[in-house]
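Encoded as structure tokens, the structure appears first; notes follow it.
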């Protein structure tokens with residue numbers, strides 16, 4: 001098993017950050033996600049499922065499924081990834097700070113990944129965290 005975790009402080013209240021990390025918004029905040037199919041716009045909860053299409057283009061796109069396994073409003077979403085490559089679990093957790101929110105994203109992969117794959121996934125996670133921070137902070141200033 002392989003675990004990758006990255007955190008970032010965001011200068012915005014937890015409720016503002018939470019509104020961006022809902023799976024229906026993943027195409028806007030994660031660089032490799034093209035579509036999240038089958039996810040309703042209603043409130044997600046335990047057992048909610050969707051198919052994720054990720055990749056730079058259609059030819060290299062990969063598909064996998066997610067199912068929400070834990071859901072705590074404005075605190076945490078946990079999900080399992082299955083039906084595609086890199087199966088495992090993921091977690092997005094928020095913790096209020098005095099002046100903002102700490103966003104922590106953790107991915108647990110069922111397999112032992114190569115150093116090269118770990119490096120690529122880590123860099124992608126860091127880039128996505130920066131994108132989330134920039135997006136939320138620019139909207140929060142308005």
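From the list 114, 60, 122, the one residue that fits, being surrounded by fewer than 15 Cβ atoms within 10 Å (Cβ to Cβ) and over 29 Å from residue 38 (Cβ atoms), is 114. Being in a strand (DSSP E or B) and under 15 Å from residue 13 (Cβ atoms) is a property that residue 95 has. Kindly indicate whether residue 88 is at positive phi and loosely packed, with under 14 Cβ neighbours inside 10 Å. When the stated conditions are applied, residue 88 does not pass them. When residues in the range 32-49 are screened for being more than 16 Å from residue 73 (Cα to Cα) and either in contact with a strand residue (DSSP E or B) (Cβ under 6 Å, 6 or more places away or on another chain) or at pLDDT 75 or above (or both), 9 of them pass. All conditions but one from (1) in contact with a strand residue (DSSP E or B) (Cβ under 9 Å, 6 or more places away or on another chain); (2) at pLDDT 85 or above apply to residue 73; the one that does not is (1). Which of the residues spanning the range 71-92 are assigned to a loop (DSSP other than H, G, I, E, B) and under 22 Å from residue 11 (Cβ atoms)? Answer for the range 71-92, where residues must be assigned to a loop (DSSP other than H, G, I, E, B) and under 22 Å from residue 11 (Cβ atoms): 73, 74, 75. For residue 135, the conditions (1) in contact (Cβ under 8 Å) with a residue 24 or more places away in the chain; (2) out of contact with any strand residue (DSSP E or B) (no Cβ under 7 Å at 6 or more places or on another chain); (3) more than 19 Å from residue 24 (Cβ to Cβ) all hold with the exception of (3).
Scanning the range 125-142 for residues that are more than 11 Å from the chain's Cα centre (by Cα) and either at pLDDT 95 or above or in a helix (DSSP H, G or I) (or both) yields 126, 127, 130, 131, 133, 134, 135, 136, 137, 138, 139, 140.
Regarding residue 68, is this residue assigned to a strand (DSSP E or B), free of Cβ contacts under 8 Å to residues at least 60 places away in the same chain, surrounded by 15 or more Cβ atoms within 10 Å (Cβ to Cβ) and touching a helix residue (DSSP H, G or I) at 6+ places or on another chain (Cβ under 9 Å)? Yes; evaluated as a whole, the condition is true for this residue.
Taking the range 10-28, which residues are crowded, with 17+ Cβ neighbours inside 10 Å, under 13 Å from the mean Cα position of the chain (by Cα) and over 19 Å from residue 63 (Cβ atoms)? Selection gives 17, 18, 20, 21.
Might you let me know whether the range 15-33 holds any residue that is part of a loop (DSSP other than H, G, I, E, B) and over 22 Å from residue 134 (Cα atoms)? Among the residues of the range 15-33, not one is part of a loop (DSSP other than H, G, I, E, B) and over 22 Å from residue 134 (Cα atoms), which makes the answer no.
For the range 98-124, taking the residues that are touching a residue at least 24 places away in the same chain (Cβ under 8 Å) and in a loop (DSSP other than H, G, I, E, B), the one that is nearest to residue 17 (Cα to Cα) is identified as 99.
The values are calculated or read from the model by the stated rules, or taken from the named source; none is laboratory data. Since the model is a prediction, treat every value here as computed from it, not as a measurement. Please note: Cβ atoms are built from the backbone with ideal geometry, for glycine as well, and neighbour counts cover all protein chains shown.
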